[in-house]
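All remarks here apply to the structure that follows.
Every number in this text was worked out from the coordinates using simple rules, so none of it is lab data. A quick note: this is a predicted structure, and the numbers were derived from the prediction, not measured. Glycine also receives a Cβ, built like all others from the backbone with ideal geometry; neighbour counts cover every protein chain displayed.
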Amino acid sequence: MNETTRKQYSELRSARWYAAPGLRSSTHRSRTKQLGYGDEDYAGKPVIGIINTWSEMNSCHRHLRDRAEEVKRGVWQAGGFPVEMPATSLGEIFMKPSAMMYRNLLAMEAEELLRANPVDGAVLLGGCDKTVPGLVMAATSMNIPAIFVPAGPMLRGNWAGKTLGSGTDVWKYWAELRAGTIDEADFIGVEDGVARSAGTCMTMGTASTMAAITEVLGLTLPGASSIPAVDSGHSRMASESGRRIVELVWQDVKPRDLLTPAAFDNAITTLMALGGSTNAIIHLVAMAGRAGIELPLDRFDELSTQTPVLANLRPSGKYLMEDYHYAGGLRALLRQILPLLDTGCRSVNGMTLGENLADAEIFNDDVIRSPASALQAEGGLTVLRGNLAPDGAVIKSAAMETRFLKHRGPAIVFRDYDDMAARIDDPALGATADSVLVLQNAGPQGAPGMPEWGQLPIPKSLLEQGVRDMLRISDARMSGTSYGACVLHVAPESYVGGPLALVRDGDLIELDVAARSLRLVLDDAEIAARRAAWTPPPPHYERGYGLLWADHVGQADRGCDFDFLAGDAPTKEPEIH
Ligand code: FES
């Protein structure tokens, strides 16, 4: 990073397209004029690519066309030339088998969009879960100046005088419907009232978690991550981001200048203080990998044990993102844990984290707690290991019934999602409140795409008895808006022969969160015999992107990045002939 020296126009990437002698540059200028721009619009100016993940298949991003215009306004004001570039949108709700399966596709697409075109700096418009890591991974690998504009959370939901949180309250009332305590008409009321506006899920789900992480990594303007999507302040933040990216280009401030090991430690600490989404672990590992930084799962556990959970937000707590924003947002929360942060890390606004937090205030100390009144003294997320998860698994210990923190029970095994869906409510299942529900073949390769199936439903017979939580284990992920005693991301996954594949009905499974342990209570000889008898399932794909995914995706503990995209090896700039 260099804030005192400035680049010359001739040093910009775009100058190679526009200002070199010869016919090729003339053609580039001619085709820019075809867009209706004259020399005074673009000549001698940095080209700012606005990567927009707007799509009508992504309801959370329905406002991003407007925001792109507002970013452009800022770019023009600062003397840049804005160019909007649409990219794959990963609508979490609609994409099957999972949006996760396409995170790496967006990362690859956005990186190559930036590389192949005359772009000097990028403004990244995303928010719905996987778009955030996808765009950050792209910008980190491309490593040209970039600033992230998070889509912002939607307004809080309402039904029958009750406040509804995205996901969290849908799961809750769905369980009540199955238990018979509400009826179909009630549930339609929930359906009508839970998603009221543009914006991302307004619980502390994956979108809110990843936006906060992007802010603490220094990739957004300070305070940007929690501004409600439909608040006029969100538009102003977009314009300010447009102004700022032009300056970042002249100063040549690039993502890898900001994404240091200390910045990633700050991000993990923030994740824990938020009681944030388990998905963030996978994404952080992948994002750090693009900056050449190893993030072992144990680092998450180390920082978890020293970080209190301070955000009283669903699903771990009570409130929603709107409450949190007006209570002071991320800056106010981080101010509470300053001793746990490296305050020298820098942000796209040119200031250090410490400088950006200097005047942060809490306006509601029930929403943003102090360490003295923390929701949990430590460890919102816990990394587990043992003979059932040699390469790790995670559990959101902040959002589960505490009786499962230490639990031993007999397994009920589902070989895949369809098996689970067909049998979960079958009275012959024989489930008790102490049973351990095991879902196999739901991981990166097995499902495929590691969908958010990890919050297995409670069997109906138990719901009717008042049971609302059970120990559940899978190699799937779980929505950040979900809750419950769900062990997730078991690695290696069952589909590739991980120990989860060897579990049978009735086997005893032992979880001890304090000891970070997940064990199949079975002697080694029996495990070895089952392994010898195990045969791999048939492949899911014979061609296309699915085959690319299957051939190259890593396991959960490695961030599920593609082997050929991971790492920080330089990629060649295109020749311009
Ligand atoms: Fe888009 Fe939750 S579905 S953020």
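Normalising by residue count, the chain has a Cα convex hull of 149 Å³ per residue. Which one of Leu155, Gly242, Ile227 has its Cα pushed farthest toward the positive end of the charge dipole of the range 121-259, where Lys and Arg give +1 and Asp and Glu give -1 at the Cβ? The listed residue farthest towards the positive side: Gly242. Entry note, the range 160-286: relative contact order of 26 percent, from Cα contacts under 8 Å with a spacing of 6+ residues.
For the pair Arg73 and Asp41, the difference between a 0.36 nm per residue extended length and the Cα-Cα distance amounts to 10.2 nm. Straight-line reach from Lys172: which aspartates and glutamates have a Cα under 15 Å away, not including same-chain ones fewer than 8 places off? Correct list for Lys172: Asp183, Glu184, Asp186, Glu191, Glu401, Glu464, Asp469. Calculated on the alpha-carbon coordinates, the convex hull of the range 191-233 measures out at 67 cubic angstrom per residue. Size descriptor for the range 60-121, Kirkwood hydrodynamic radius: 13.5 Å (Cα pairs only, one decimal).
Each listed q (0.16, 0.18, 0.22, 0.24 Å⁻¹) maps to a log10 I(q)/I(0) for the range 232-326, found by the Debye formula over equal Cα scatterers with no solvent: -0.89, -1.01, -1.09, -1.12.
The GluC sites (Glu not before Pro) of the range 471-547 meeting both criteria, a DSSP state outside H, G, I, E and B (loop) and at most 11 other C-beta atoms within 10 angstrom of the site's C-beta, are Glu542.
With the simple model of a label 7 Å out from the Cα in the direction of the Cβ, Met85 to Ser517 spans 5.2 nm.
Dividing the Cα radius of gyration of the range 293-429 by 2.2 N^0.38 Å, with N the residue count, gives 1.37. Relative contact order, whole percent, for the chain stands at 14, derived from Cα pairs under 8 Å and 6 or more residues apart. Considering only the Cα atoms of the range 135-195, their convex hull presents on average a projected area of 5.7 nm².
Extending 7 Å from Cα along the Cβ direction at Ala372 and again at Ala422 yields two label points whose distance is 5.9 nm.
If R0 is 35 Å, the Cβ-Cβ spacing of Ala569 and Phe94 corresponds to a FRET efficiency of close to 0.55. For the range 318-435, the relative contact order comes to 18 percent (Cα pairs under 8 Å, sequence separation of at least 6). P(r) tail for the range 317-368: Cα pairs beyond 13 Å make up 57% of the total. Principal axis analysis of the Cα atoms in the range 408-505 yields extents of 36, 30, 26 Å, listed in decreasing size. Placing a pseudo-label 7 Å from each Cα along the Cα-to-Cβ vector at Glu526 and Asp192 gives an inter-label distance of 5.4 nm.
For the chain, the longest piece that avoids every one of the chymotrypsin sites (Phe, Trp or Tyr not before Pro) found in DSSP loops with at most 15 other C-beta atoms within 10 Å covers 95-362. The Cys residues in the chain with no partner Cys Cβ within less than 4.7 Å of their Cβ are Cys201, Cys345, Cys486, Cys560.
To the nearest 0.05, how large is the calculated FRET efficiency for Leu23 and Met57 if R₀ is 51 Å and r is the Cβ-Cβ distance? Efficiency computed from Cβ-Cβ geometry: 0.80. Can you tell me the FRET efficiency between Thr5 and His540 if r is taken as the Cβ-Cβ distance and R0 is 51 Å, rounded to the nearest 0.05? Efficiency, rounded to the nearest 0.05: 0.50.
For Gln376, the residues whose modelled amide H falls within less than 5 Å of its own, excluding neighbours fewer than 5 places apart on the same chain, are Val309.
For the cross-link pairs Lys33/Lys572; Lys318/Lys406; Lys72/Lys572; Lys130/Lys318, which exceed 27 Å when the distance is taken from alpha carbon to alpha carbon? Lys33/Lys572; Lys72/Lys572, as the Cα separations exceed 27 Å there. For the range 463-577, the spread of Cα positions along the three principal axes, ordered from largest to smallest, is 71, 38, 30 Å.
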